[in-house]
Amino acid sequence: MPETYSRGQKIALIIGAGPAGLAAAHELLRTTDYTPLIIEREKLVGGIAKTMPYKGNLIDMGPHRFFSKSDFVRKWWGNFLPPQMKLDAPSCPQHHGNDVLAKCTCDVNPDSCDEVMLVCNRLTRIYHDKKCFEYPLSMSLDTIKKLGIINLTSMAASYGYTRLFPRKPEKTLEDFFINRFGVKVYQRFFESYSEKIWGIHPAGMSADWGAQRVKNVSIAKTIGHAIRSLVPENFGDRIFGEVERSFVGRFLYPKLGAGQMWTKVADSIEKDGGIILREHEALSVKVSGDKVIGVTVRDIREQKDFYVPVEQCFSSTPVRNLIDSIDGRVPRDVAEVASGLKCRGFINVGVLLKDFSVPGAGPNAKDNWIYIQEPYAKAARLTIFNNWSSALVADTRNKWISLELYAQPGDEFWGKSDKKIIEFSVNELVRLKMAKQEDVLESVVHRIPEATPIYVGAYERLDVVQRYVDDIKNLYMMGRCGMHRYNNQDHAVLSGIKAVESIARAGISKTDVWQVNDEKSYHEEENA
């Protein structure tokens, strides 16, 4: 048993030190008399939003933009890392109404201070047919030139037909995309790309994923955004309403990577008396009657187990893992649903290059991300870290990039050695005409076995598990994998805080945790 833990404490045990777990621990310290005890498998906190050091460089697992439609989350972030510009500036991406980050220090100079959120210009493009297209797609002269009149005419006709004869009922992700973009755009930009990410054809996935991620993006919105960009800002607001957050041009980002935020939160938790056991895992959750009474924990380094009596238990581990770990009677239907919930594995390959160039954009491409929509490429997205924060790169004369690859633990690609995956990734860069073999200076591979919930199969019966866990009075599910929801980090924060509020505040129940991001609106939509 760790020296930091005392049997006299009222322990609220938290499985996972990602955004949800850290937010819950912070809220417990702020509003209750429980001592949060976080169990984290990895050395670093942050979950899939962590930042990893590598030979003087820093690499995000995402990376993750800090942009939320929640005033509360923006203020919460700002209490740990202030933005670099005044908050009363309407152009600031944190600006949303009054008193957004009342406790923040304004005008922090990132040249002399590391504890700051940078204001980054957003540029994301699609690499398709060896050309760079604006993202989201717009009907600009550049797009028209690259696609050609024949393709555009075909896409327009296809979209028009879909508007007249939409697919009903809208059950699958394929239905969702076709109803908003038409068959031709779907086939060109969504079909193979979605299958590359999920390992499943869009016809086999629930439409719920689209409802959460891209509901308010469509051909009509794309054209509206293109027109809006040509007129004065206030006039555009009056005519077209608030621009979709997908189209917002700037965002906040910690100078030392997304993980800097979660390290700051973790430091605050430990300073205030919370406990974080890194390189530990929860082996079993003991349930007696309708309560969790204790958790068996393993010290991974020492290979020693110990038992912790608990008053409350919060879980951000994948739903399947939580149910498997319960030491107590689990109904057969609950076990069946949990075992059928699938998550997608993620492989992040960092590559340091002497020379890097994007065809059509040149060696000084300002993109944050480039979506790789070439049918022959396995990489789904490319990140140029130099364009997020120069502090992530030890020598800014070089380009520090990452390729995002998806695979399932146990399949052939996942089983490849790091060396083989690096060789594969560099060959992809060469084939994409972005780099040469001799340009590679360093490379590293990071794997996350259960990074992203997949909306297939047992997902449709997730409510069976939800009801079972809700009946265990002091057990709370939260976070992306913990709720099997494709949440962003702001939703993860809110789910952790809502879980604590259901203990600390009258009128808040477990059901409220499940209302976070249940409005089926795109994660990056701005409030009206």
Order of 264, 55 - criterion: other Cβ atoms within 10 Å of each residue's Cβ, fewest first:
55, 264
Give a residue-ordered list of calculated ³J(HN,Hα) values for the stretch 367-383 (Karplus: 6.51 cos²θ - 1.76 cosθ + 1.60, θ = phi - 60°; whole Hz; x for Gly, Pro).
4, 6, 10, 10, 7, 8, 10, 9, x, 7, 9, 7, 4, 8, 8, 10, 10
Exposure proxy order (Cβ contacts within 10 Å, fewest to most) of 288, 206:
288, 206
Among the trypsin sites (Lys or Arg not before Pro) within the stretch 268-309, which fall in a DSSP loop and have no more than 14 other Cβ atoms within 10 Å of their own Cβ?
301
In nm, to one decimal, how far is the residue 376 label point from the residue 129 one, both placed 7 Å along Cα→Cβ?
1.7
Note the direction-averaged projected area, equal to a quarter of the hull surface, for the Cα convex hull of the stretch 377-528, in nm².
13.5
Gained length - residue 290 relative to residue 109, 0.36 nm times residue gap less alpha-carbon distance
59.9 nm
Simple label model, 7 Å out from Cα along Cβ direction - residue 306 to residue 30, nm:
2.9
Between residue 333 and residue 390, what is the label-to-label distance in nm when each label sits 7 Å out along the Cα-to-Cβ direction?
6.0
Give me the Debye-computed log₁₀ of I(q)/I(0) at q = 0.11 Å⁻¹ for the stretch 343-453, equal point scatterers on Cα only, no solvent, two decimals.
-0.33
Could you pull out every one of the lysines with an alpha carbon less than 22 Å from that of residue 420, ignoring same-chain neighbours closer than 8 positions?
55, 196, 354, 378, 399, 433, 436
If a paramagnetic tag sat 7 Å from the Cα of residue 436 along the Cα-Cβ line, which residues of the stretch 353-367 would have the backbone N under 18 Å from that point?
353-360, 362-364
Rh (Kirkwood; distinct C-alpha pairs) - the chain, Å:
24.3
Overall dimensions of the stretch 362-426 as given by Cα atoms, namely Rg and Dmax in Å
13.7, 38
For the stretch 51-84 and the stretch 346-419, what is the separation of their Cα centres, given in Å?
20
Residue exposure sequence - 440, 285 - by fewest surrounding Cβ within 10 Å:
440, 285
Magnitude of the charge dipole, the chain, Cβ model with Lys/Arg +1 and Asp/Glu -1, debye to 20:
1040
Among the chymotrypsin sites (Phe, Trp or Tyr not before Pro) in the stretch 322-423, which ones are in a DSSP loop with at most 14 other Cβ atoms within 10 Å of the Cβ? Mind listing them?
376
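The numbers here are math on the coordinates, done by the rules we state, and not lab data. Every value quoted in this text rests on a predicted model; they were computed, and no experiment measured them. Note that each Cβ is placed from the backbone with ideal geometry, even for glycine, and that neighbours are counted across all protein chains shown.
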